[in-house]
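The values are calculated or read from the model by the stated rules, or taken from the named source; none is laboratory data. These figures come from a predicted structure and were not determined experimentally. Glycine gets a Cβ as well: all are built from the backbone with ideal geometry, and neighbour counts include every protein chain shown. The area values use the complete protein model at the heavy-atom level, side chains included, leaving out ligands, DNA and RNA. Shrake-Rupley method; radii C 1.70, N 1.55, O 1.52, S 1.80 Å.
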Amino acid sequence: MEDQIVEKDFGDLAINMGPQHPATHGVFRLKLYLQGERINKIEAFLGYLHRGVEKLTEVLDYDMIPPVLERDDYLSPTSNSLGFVNTVEKMCQIEVPKKASYIRVLVAELQRISSHLVALGTYGLDLGGSLGGGASLFLYCFREREKILDIMEELTGTRFHTNINQIGGVRYDVKIDVIKKINDLIKYIRPILIEYNDVISKDQIFIKRTKSIGVISAQLAQEAGCSGPVARASGINFDIRRNQTYECYDELDFDIPLGTNGDSYDRTIVRMKENLESLKIIEQIINGIPSGDLSSRKPFKSAKLLKPPKGSFYSSVESPRGELGFFIVSDGSSIPYRMKIRSPSFSNLSIIEKILPGNFVADSVTILGSLDPVFGDVDR
Amino acid sequence: MFIEFLSFSKPIFQSITTLILIVAYLVWLERKIAARMQSRIGPYLVGKPHGWLQPLADALKLMSKDDSKPSSSDSLLFNFGPIWVMVVSLSAFALLPFYFDNPMINASLSLMLFIAISSLIIVGIFVSGWSSSNKYSLISVMRSVAQIISYEIPLVISLLIPCILIGSLSFGDIIESQKNIWFIFSPGLGQISFVIFFISALAEGNRIPFDLSEAESELVSGYTTEYSGIKFALFYLAEYVHLFGISVLGSIIFFGGPHGPFITSNLIIVIKSLVFFTFIVFVRWSFFRIRIDQLLRFNWSKLIPISFVVLLIACLTKYFSEFN
């Protein structure tokens with residue numbers, strides 16, 4: 001009898017990434033179906049960090065909601081409350097004093113830098129592991145971020161969840177010594193950011209690991225609703241600060257860095273260039289901060305509740321991750337009837353089923369990291 | 001009989017104790033250097049000047065840990081893996097003229113024997129990853145076998161180049177021939193073969209940028225995922241023992257071994273290998289990790305052809321200098 005060679009297809013090897021895995025940027029489960037080292041298919045499971053923020057807002061007064069929302073995207077808290085406050089102000093046609101608007105933008109841009117620094121640092125961990133060069137990058141980025149958090153503390157008394165935005169204005173004034181400190185920060189951090197940009201963008205291993213990996217074409221980015229640095233790296237010139245301007249961004253001069261290929265490399269470089277643009281904005285603000293009131297409404301604890309008119313309203317801001325939109329339905333009472341958060345991380349993350357298959361296991365981590373999802377923002 | 005056994009085993013125990021001590025402090029040294037590179041302080045509180053008792057504390061902690069084992073694992077192989085890795089990396093030191101005035105085994109082929117013994121580590125790694133019955137470990141050891149086997153070729157060739165020029169495979173002759181000038185300073189061949197040696201030694205020792213078998217960003221912790229307590233400590237120590245072995249080897253083959261500027265002593269080897277080790281640490285804490293396919297492509301398409309060309313040049317140099 002002849003020996004027959006039976007070729008049996010054992011199927012794909014399924015491995016789990018997460019929810020408890022060192023690489024995922026939060027609690028997120030990715031089931032990878034591998035053929036050797038290549039990914040054939042993926043399944044993504046969301047919802048491990050679902051805290052019911054949207055439902056919670058249905059029982060809170062409008063003035064109580066911003067602090068809750070700051071826990072949503074926990075790497076750039078102010079942009080959440082800024083988006084919400086903006087939407088409510090547009091609903092009720094509340095004027096915001098010029099000074100308040102400037103301070104809001106100042107804090108938002110500072111947090112954009114800190115958020116992008118975290119994105120870069122954790123991307124280092126994805127690329128190099130926590131026991132190698134990635135850890136060095138991570139710690140350097142966090143050292144710089146600490147300086148920004150110190151300024152936040154000086155400004156608002158809180159390092160992270162600043163809670164500076166309230167409907168009608170801001171809560172805290174920018175004092176002279178804070179402006180001096182921000183000036184020092186700009187002088188300190190600009191050469192450092194430029195240096196990081198130079199070091200990273202010329203690092204051969206970095207280029208090998210990220211160039212033409214996880215390419216998102218402009219069309220795919222538009223179809224999936226990507227926004228922020230992810231969309232801009234694909235060459236889509238869309239920035240809400242420019243295209244649907246809010247607060248005082250129309251008075252400020254800044255560029256919008258764009259990528260060309262839409263790969264992981266471009267996304268990282270776009271973020272680093274955005275840092276420099278944010279520095280430019282901060283410089284303009286602290287040089288030209290107008291005088292005036294901090295808020296057009298009475299202080300926060302006034303007895304009179306805010307009751308927006310009946311109807312629904314949507315508006316969005318540019319969070320460090322992209323278009324952060326708030327859709328509020330009001331029935332005329334002091335609490336929202338329904339609020340829907342359009343989170344940038346969720347839309348950016350939805351693309352992974354398209355771009356991960358065909359890559360290596362190691363790339364699944366770096367592609368996920370280059371999208372910079374914050375799972376508080378994805379699951380809400 | 002017993003006395004004979006004691007006199008036989010005394011140097012073995014002595015050298016193992018010394019090695020373990022050195023290696024424990026290598027870990028401390030690496031943590032300190034890494035901390036300096038990352039603008040941190042590093043271990044500080046355990047032991048007064050700069051946490052010098054930290055290695056002891058770590059060892060005690062790991063020994064007192066619960067020894068857990070996945071229920072579906074192959075118990076015999078699971079325990080065999082770390083022991084094998086540790087034994088092999090320690091026994092490679094029997095050939096190195098590092099602790100005693102003479103190595104414990106003085107063979108005329110000691111370099112080849114050293115490479116042969118230290119390349120057996122992969123058996124332990126593979127066995128432990130296979131028997132863990134964990135998918136991360138499995139992928140990790142698959143990578144690890146491909147990586148270590150392919151990087152053995154340039155490593156051996158880069159070590160053969162000095163041997164061909166010197167004309168001997170024994171450490172004694174290699175050291176003797178570098179009395180006046182270290183091999184690293186021999187024009188052209190010395191530097192190229194050192195670079196090849198350094199790259200493939202990093203890959204052999206599973207260090208960043210080539211630590212693909214431990215890639216904790218995707219494979220959690222590779223083949224050590226399921227290990228805990230003292231077994232994990234064995235793996236950890238074995239990695240550093242192996243690395244120190246590579247450092248000693250490098251300092252003997254390329255940096256003149258015990259020949260210092262003023263004195264000739266085996267202490268000089270230790271100092272040189274510490275410098276070599278520090279350099280490896282610098283590399284580790286400043287690079288990202290490359291991907292497995294890039295690693296293998298780099299090896300087979302660049303490193304191995306270059307090393308063969310250099311080997312050929314070395315042979316021709318030897319031929320023309322000896323026979324013409």
Selection from the stretch A:176-197 of residues that are open to solvent by 50 Å² or more (accessible area, probe 1.4 Å) and under 15 Å from residue A:140 (Cα atoms): A:188, A:190, A:191, A:194, A:195
- prompt: Which members of the stretch B:164-202 meet the condition of being modelled with pLDDT under 85, open to solvent by less than 40 Å² (accessible area, probe 1.4 Å) and under 29 Å from residue B:283 (Cα atoms)?
  reply: B:171, B:174, B:175, B:178, B:183, B:184, B:186, B:188, B:189, B:190
message: Among the residues in the stretch A:363-376, are any within 14 Å of chain B (Cβ to nearest Cβ) and open to solvent by 20 Å² or more (accessible area, probe 1.4 Å)?
response: no
- prompt: Within the stretch A:166-175, which residues are crowded, with 16+ Cβ neighbours inside 10 Å and either in contact with a helix residue (DSSP H, G or I) (Cβ under 6 Å, 6 or more places away or on another chain) or in a loop (DSSP other than H, G, I, E, B) (or both)?
  reply: A:167, A:168, A:169, A:170, A:171, A:172, A:174
query: Looking at the stretch A:310-323, is at least one residue within 14 Å of chain B (Cβ to nearest Cβ), touching a Phe, Trp or Tyr at 6+ places or on another chain (Cβ under 7 Å) and either modelled with pLDDT of 85 or more or surrounded by 24 or more Cβ atoms within 10 Å (Cβ to Cβ) (or both)?
result: no
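Results for (1) under 22 Å from residue A:101 (Cα atoms); (2) crowded, with 19+ Cβ neighbours inside 10 Å, shown as yes or no for each residue.
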| site | (1), (2) |
| --- | --- |
| A:212 | no, no |
| A:228 | yes, yes |
| A:257 | no, yes |
| A:285 | yes, yes |
| A:288 | yes, no |
query: Out of (1) at positive phi; (2) surrounded by fewer than 21 Cβ atoms within 10 Å (Cβ to Cβ), the odd one out for residue A:143 is which?
result: (1)
Number of the condition not met by residue B:159 [criteria: (1) within 14 Å of chain A (Cβ to nearest Cβ); (2) touching a helix residue (DSSP H, G or I) at 6+ places or on another chain (Cβ under 9 Å)]: (1)
message: Let me spell it out: the conditions are (1) over 30 Å from residue B:133 (Cβ atoms); (2) crowded, with 23+ Cβ neighbours inside 10 Å; (3) touching a helix residue (DSSP H, G or I) at 6+ places or on another chain (Cβ under 6 Å); (4) at pLDDT 85 or above, and residue B:238 meets all of them except one. Which number is the exception?
response: (1)
query: Counting just the residues of the stretch B:27-60 that are more than 25 Å from the chain's Cα centre (by Cα) and of a type in the set (D, E, K, R), which one comes out least open to solvent (accessible area, probe 1.4 Å)?
result: B:40
message: Condition first: in contact (Cβ under 8 Å) with a residue 40 or more places away in the chain, open to solvent by less than 30 Å² (accessible area, probe 1.4 Å) and not basic (Lys, Arg). Now tell me which residues in the stretch B:274-306 satisfy that.
response: B:277, B:280, B:281, B:283, B:285, B:288, B:290, B:292, B:295, B:299, B:303, B:304
Subset of the stretch B:205-223 [in contact with an Asp or Glu (Cβ under 9 Å, 6 or more places away or on another chain), open to solvent by less than 10 Å² (accessible area, probe 1.4 Å) and more than 9 Å from chain A (Cβ to nearest Cβ)]: B:205, B:222
- line: Across (1) on the phi > 0 side of the Ramachandran plot; (2) part of a helix (DSSP H, G or I), residue A:163 clears everything bar (2)
query: Has the stretch A:125-134 got any residue that is within 14 Å of chain B (Cβ to nearest Cβ), open to solvent by 50 Å² or more (accessible area, probe 1.4 Å) and out of contact with any Asp or Glu (no Cβ under 6 Å at 6 or more places or on another chain)?
result: yes
message: Six or more apart or on different chains, Cβ atoms under 7 Å: show the pairs whose first residue is in the stretch A:202-214 and facing another protein chain (nearest Cβ under 10 Å) and whose second is of a type in the set (A, V, I, L, M) and open to solvent by less than 90 Å² (accessible area, probe 1.4 Å).
response: A:205/B:290; A:206/A:127; A:206/A:200; A:208/B:290; A:209/A:127; A:209/B:290; A:213/A:367
statement: Checked B:36, B:31 against criteria (without any contact (Cβ under 8 Å) to a residue 24 or more places away in the chain, part of a helix (DSSP H, G or I), more than 27 Å from residue B:228 (Cβ to Cβ) and within 14 Å of chain A (Cβ to nearest Cβ)); the one match is B:36
